[in-house]
Amino acid sequence: MIIAVLSDIHANLEALAAVVADARREGAGRFACLGDVVGYNADPVACVDLVRGLPCLPCIRGNHDEMAAGDRALLGINRQAFAAMTWTRLQLDGERRAWLGGLPLLHEEPDAAYVHASLDAPQDWHYVHDTQEAAASFAHQSRRVCFIGHSHQPGGWRDDGHCVKQGQGDSFALAAGERWLVNVGSVGQPRDHDPRASYALYDVEAGEVRLQRITYDVAAAQAKILAAGLPEQLARRLG
């Protein structure tokens, strides 16, 4: 079984469609979404519907999904995110917002865990950027691999019982006795100076995770952002 693990789609339909097509070509029989289906970009309805139609799941709740689902004041976010979320709430009907709000914060299976941010406090949306933050998540990890997103930067950390260190390369072999924490990056708004969409393929039987980068029609996604009246900075960031 190959599982395509997606995160931080952020209403970017062009990127999502390209990733789904690539995952199917690679033989993925199942999809897992780590949250933030909406926010920032211009296709929240289409992205929610596409994700819901996939042989998914789990689908995890991200912080932007939680904001979109609720009516609470939007505090602690920058001006671009505020403008995009205010607009996003107007695009989504009550049923789609209820679906986003009802997603779980964590899903665990015998060999893998899925969470948007980190295992130490899923509801607090902690970022994992370094080995210290990875160690905090490892302290709560009992599965051989945990998939995360949130930072929009792909990579992996290994905990072999002696140390925690960042994994190198595009694939990670999940050897016996080791635990891995893998950030699958962002489908819809990468933040590592590579505009290509990022996701991961998890080969359960082989015990391997491979990070994928996929080109998509960035210009089309940017044009939709501008046409919707969303902040120009959000369009520029995709490039």
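The values are calculated or read from the model by the stated rules, or taken from the named source; none is laboratory data. Predicted, not measured: the structure shown is a model, and the values here were computed from it. No Cβ is skipped: glycine too gets one built from the backbone with ideal geometry, and neighbour counts run over all protein chains shown.
If you go through segment 3-22 and pick out every residue that is of a type in the set (D, E, K, R) and over 21 Å from GLN153 (Cβ atoms), you end up with 0.
Residue under question is ARG97, and the condition is that it be of a type outside the set (Gly, Ala, Ser), over 22 Å from GLN189 (Cα atoms) and either crowded, with 16+ Cβ neighbours inside 10 Å or modelled with pLDDT of 95 or more (or both); does it hold? Write out each step before concluding.
On the way: of a type outside the set (Gly, Ala, Ser): yes; over 22 Å from GLN189 (Cα atoms): no; either crowded, with 16+ Cβ neighbours inside 10 Å or modelled with pLDDT of 95 or more (or both): yes.
It is false that ARG97 is of a type outside the set (Gly, Ala, Ser), over 22 Å from GLN189 (Cα atoms) and either crowded, with 16+ Cβ neighbours inside 10 Å or modelled with pLDDT of 95 or more (or both).
For residues that are small (Gly, Ala, Ser) and buried (at least 16 other Cβ atoms within 10 Å of the Cβ), scanning just segment 27-49, find the one that is farthest from LEU100 (Cα to Cα). Quick ask: steps written out before the conclusion?
Kept after step one, since they are small (Gly, Ala, Ser), are these residues of segment 27-49: 27-29, 32, 35, 39, 42, 46.
Subsequent filtering for residues that are buried (at least 16 other Cβ atoms within 10 Å of the Cβ) retains 28, 32, 35, 39, 42.
On the way: ALA28: 24, ALA32: 15, GLY35: 9, GLY39: 12, ALA42: 17 Å.
Among residues in segment 27-49 that are small (Gly, Ala, Ser) and buried (at least 16 other Cβ atoms within 10 Å of the Cβ), the one farthest from LEU100 (Cα to Cα) is ALA28.
Would you confirm, using the coordinates I've provided, whether ASP159 is within 19 Å of the chain's Cα centre (by Cα) and not aromatic (Phe, Trp, Tyr)? No, not satisfied. Checking the structure you have, find out if any residue of segment 214-230 is exposed (fewer than 14 other Cβ atoms within 10 Å of the Cβ), modelled with pLDDT under 95 and closer than 24 Å to ALA15 by Cα. No, segment 214-230 contains no residue that is exposed (fewer than 14 other Cβ atoms within 10 Å of the Cβ), modelled with pLDDT under 95 and closer than 24 Å to ALA15 by Cα.
Note on segment 95-111: among residues that are outside any helix (DSSP H, G or I) and of a type in the set (A, V, I, L, M), the one that is nearest to ASP43 (Cα to Cα) is LEU103.
Screening PRO122, PRO104 for residues that are buried (at least 18 other Cβ atoms within 10 Å of the Cβ), of a type outside the set (A, V, I, L, M, F, W, C) and closer than 14 Å to ASP36 by Cα leaves exactly one candidate, PRO122. Of all residues in segment 25-49, those that are among the aromatic types (Phe, Trp, Tyr) and either out of contact with any Leu (no Cβ under 8 Å at 6 or more places or on another chain) or assigned to a loop (DSSP other than H, G, I, E, B) (or both) total 1.
Would you say ASP192 is closer than 21 Å to SER137 by Cβ, under 19 Å from the mean Cα position of the chain (by Cα) and either polar (S, T, N, Q) or surrounded by fewer than 17 Cβ atoms within 10 Å (Cβ to Cβ) (or both)? Yes. When GLY155, GLY169, GLY185 are checked against the criterion of being modelled with pLDDT of 95 or more and on the phi > 0 side of the Ramachandran plot, GLY185 stands alone in meeting it. Restricting attention to segment 50-94, the residues being without any contact (Cβ under 8 Å) to a residue 40 or more places away in the chain, surrounded by fewer than 14 Cβ atoms within 10 Å (Cβ to Cβ) and part of a helix (DSSP H, G or I) number 4. Applying the criterion of at least 3 residues that are among the hydroxyl-bearing types (Ser, Thr, Tyr) to the strands (runs of 3 or more DSSP E) found wholly in segment 113-210 leaves 197-203.
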